[in-house]
Amino acid sequence: MRDLDGWLKETAWHKPYWADIHAQAKKLGSDGCTGVPDWFLWSCLEHDVHYRLHKFLSGDDIDKRTADYVLRVRVQQGSYLGAFSPVSWIRWLGVTLLPAAKRAWRSNAAKILLLCSLLSGCVPGGLWMHDPSNMTPEQLEKYKTMGYRAVRCATVAGGPPIGGRVTSVTVPMDSKAEVTFGPDCTVMGVKLIP
């Protein structure tokens, strides 16, 4: 992003942007402000989106340092104290210095590579989820040659998706992945094991 501060000012009170953040955070299962009160909740949701996707909603890449900076500025934008907001600085120090925040950045499910440009059924910038049984032969071949495999919900293996829900998650072929499915085959979580 070329003009980060300009973009932060432009989107500070832009309702469509925040509606998109809320929708994306919901899809990703954001828990809001982890470990602290949900003051300035919108900033935590945006931070969760950045941490999980490693991207801005625009699709531009974001690094941890920038994601943490955006969190601090968003809290300052919502505070009467502006740049002097103690909450902004405390939260920024927490996500900058605490080992748990560093682990969250490294281990999130966003590291699963996307095939959004190849097939439908993805969460933009996040997990690519699709039932391979619905792919055309050309899509399936490209999918395999690119080194991906599907982890499917055991209760529907070989069957159609349940009620249109996602029944598989695509992961790199050489990765070990733990995928947690709910009883209705909704994807509850993905953990890549290095």
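Among the residues of the stretch 54-77, are any aliphatic (A, V, I, L, M) and surrounded by fewer than 13 Cβ atoms within 10 Å (Cβ to Cβ)? Please lay out each step first, then the result.
If we filter the stretch 54-77 for residues that are aliphatic (A, V, I, L, M), which is where we start, we get 57, 62, 67, 70-71, 73, 75.
Those left that are additionally surrounded by fewer than 13 Cβ atoms within 10 Å (Cβ to Cβ): none.
The answer is no; no qualifying residue exists.
Looking at the stretch 11-53, which of the residues that are of a type in the set (Gly, Ala, Ser) and under 20 Å from residue 99 (Cα atoms) is surrounded by the most Cβ atoms within 10 Å (Cβ to Cβ)? Steps first, answer last, please.
Keep residues of the stretch 11-53 that are of a type in the set (Gly, Ala, Ser), which gives 12, 19, 23, 25, 29-30, 32, 35, 43.
Next, only the ones that are under 20 Å from residue 99 (Cα atoms) stay: 30, 32, 35.
On the way: 30: 21, 32: 14, 35: 9.
Among them, the one singled out is 30.
If residue 68 passes every condition in (1) out of contact with any Ser or Thr (no Cβ under 7 Å at 6 or more places or on another chain); (2) modelled with pLDDT of 90 or more but one, which one does it miss?
(1)
Hey, can you tell me all the residues within the stretch 65-107 that are among the basic types (Lys, Arg) and more than 13 Å from the chain's Cα centre (by Cα)?
Applying the first criterion (among the basic types (Lys, Arg)) to the stretch 65-107 yields 65, 72, 74, 91, 102-103, 106.
Within the stretch 65-107, 65, 72, 74, 91, 102, 103 meet the criteria.
Within the stretch 75-116, count every residue that is among the small types (Gly, Ala, Ser), out of contact with any Leu (no Cβ under 9 Å at 6 or more places or on another chain) and either under 26 Å from residue 10 (Cβ atoms) or at pLDDT 95 or above (or both).
Residues meeting the conditions: 5.
The values are calculated or read from the model by the stated rules, or taken from the named source; none is laboratory data. Because the structure is predicted, anything quoted here is derived from the model rather than measured. All Cβ positions, glycine included, derive from the backbone under ideal geometry; neighbour counts span all protein chains shown.
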